[in-house]
Amino acid sequence: MKRAVLQRRGLPRAWSLGLSAVAATWLALGLVQSPSATAAVVLQYHHVSEESPPSTSVTPERFKEHMNYLVNHDFKVVPLEQLVAALKAGEKLPDKTAAITFDDAYESVYTNALPVLKKRDWPFTVFVNTNPIDEEKHGFVSWDQLRKMAEEGATIANHSTAHNHLQRRKAGEDEKQWRERIRHEVVKAEQRIEEETGQSHKMLAYPYGEYNNQVKALLEKLDFVAFGQQSGPLGPHSDLRALPRFPFGGPYGSLEDFATKVKTRPLPLEAVALYADWARKEPLDEVVVKEGTRPVLAMTLEEASLAGRISCFASGQGAIETRVEENTVLTRANKPLNPGRTRYNCTAGTGESGRFFWFSQQWLVTGEDGEWQHED
Ligand SMILES: [Zn+2]
């Protein structure tokens, strides 16, 4: 499979991220075949403050610790669009590469994160929902502050105008009206960002990390890439309309947790499929499922030898059952899913000290009647 991927995408080309000449030559010759060649991570933050809601905040002290960890462990911090370009071109992502992102454009990014990043001359991305900025809402940065951050190397990207759950229809909205509304919420935000900052990268972070297949299809048509909030490193199999990021805030972000996550490698996958049950008779083409179900994630691995080493976990349920069929690992929740967001996280040791392969699958769970119930 690896060979087939390389043939389809052309030989991996070295890219200019400070690779040594020797490593660059190896990459150019396609000699680096181990998963060690692919290990870029995208970090996701909201507030960097002691005063904001803990679930979406890291303290300024914690943020400094994270950044110091990257320095002390020789990580290269690159602009997000550079990682996206490499993924699109099928190029390998060098080990120990990270991009830093902030969602919602809160004021504390300007006051507390910018000075730390500026000191190191590091690029970062702010995903902006444009309505609160246009309305000069308290707690958010201004367009002036965004322009100042852009001057310091920030990428200003799209988080929609209004921060709605994009996959949800509003009351009384038919499918066409809904599609037109979300198209507007994305296109209008991109237009406002371009008018105010001159930037247009066509990168969206889904509000709440939520999407369905129709939202993804619309973004593909608009030529956008899009990021979720399901965890995991970027890899050659990553879905360009559901790219993973590691969120930090609330219970996530102790230095130990951070170190484990930034060192992860993408699970070497050939294919991912979703099913209604173990029998795999009913394929699901959608991450949206109903309350009370226990959907199955099927991961087909490049190497069968890895299959028996994979452990999976579900949100709020701890370790969950896995079954191995040749080079495919199946897993599903122990208990029926509750309405809201659920993730299955699957990991396996890479054989290197403290390093894990990591893959996360998101589910969006409606009520039994198909209606959305959670409001956060
Ligand atoms: Zn957001």
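The values are calculated or read from the model by the stated rules, or taken from the named source; none is laboratory data. The shown structure was predicted, so the numbers you read here are calculated from the model rather than taken from an experiment. Glycine gets a Cβ as well: all are built from the backbone with ideal geometry, and neighbour counts include every protein chain shown.
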Quick one: in the range 38-69, of everything that is assigned to a loop (DSSP other than H, G, I, E, B) and within 21 Å of the chain's Cα centre (by Cα), which residue is nearest to the ligand (Cβ to nearest atom)?
HIS46
Count of the range 300-340 residues which are modelled with pLDDT under 95 and of a type in the set (Ser, Thr, Tyr)
2
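Report yes if TYR106 is under 17 Å from ALA150 (Cβ atoms), assigned by TED's automatic domain parsing to the domain that holds MET203, within 16 Å of the ligand (Cβ to nearest atom) and of a type in the set (Ser, Thr, Tyr), otherwise no. Steps first, answer last, please.
Numbers: under 17 Å from ALA150 (Cβ atoms): yes; assigned by TED's automatic domain parsing to the domain that holds MET203: yes; within 16 Å of the ligand (Cβ to nearest atom): yes; of a type in the set (Ser, Thr, Tyr): yes.
Yes: the conditions hold for TYR106.
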So GLN199, is it more than 29 Å from GLU51 (Cα to Cα), within 16 Å of the ligand (Cβ to nearest atom) and assigned to a loop (DSSP other than H, G, I, E, B)
no
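Please go through the range 69-126 and give me each residue that is among the polar types (S, T, N, Q) and either under 23 Å from GLU194 (Cβ atoms) or out of contact with any Lys or Arg (no Cβ under 6 Å at 6 or more places or on another chain) (or both), ordered by number.
Taking the range 69-126 first, the residues among the polar types (S, T, N, Q) are 72, 82, 97, 101, 108, 111-112, 125.
Answer for the range 69-126, where residues must be among the polar types (S, T, N, Q) and either under 23 Å from GLU194 (Cβ atoms) or out of contact with any Lys or Arg (no Cβ under 6 Å at 6 or more places or on another chain) (or both): ASN72, GLN82, THR101, SER108, THR111, ASN112, THR125.
Residues are listed down the side, and each one gets a yes or a no for (1) more than 16 Å from the ligand (Cβ to nearest atom); (2) in contact with a strand residue (DSSP E or B) (Cβ under 9 Å, 6 or more places away or on another chain):
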| position | (1), (2) |
| --- | --- |
| HIS163 | no, no |
| ARG168 | no, no |
| ALA171 | yes, no |
| GLU175 | yes, no |
| TRP178 | yes, no |
| HIS184 | yes, no |
| LYS216 | yes, yes |
Residue tally, condition touching a helix residue (DSSP H, G or I) at 6+ places or on another chain (Cβ under 6 Å) and buried (at least 17 other Cβ atoms within 10 Å of the Cβ), over the range 254-301:
4
Considering the range 251-282 alone, what residues qualify as being in a strand (DSSP E or B) and over 17 Å from GLN362 (Cβ atoms)?
ARG265, GLU270, ALA271
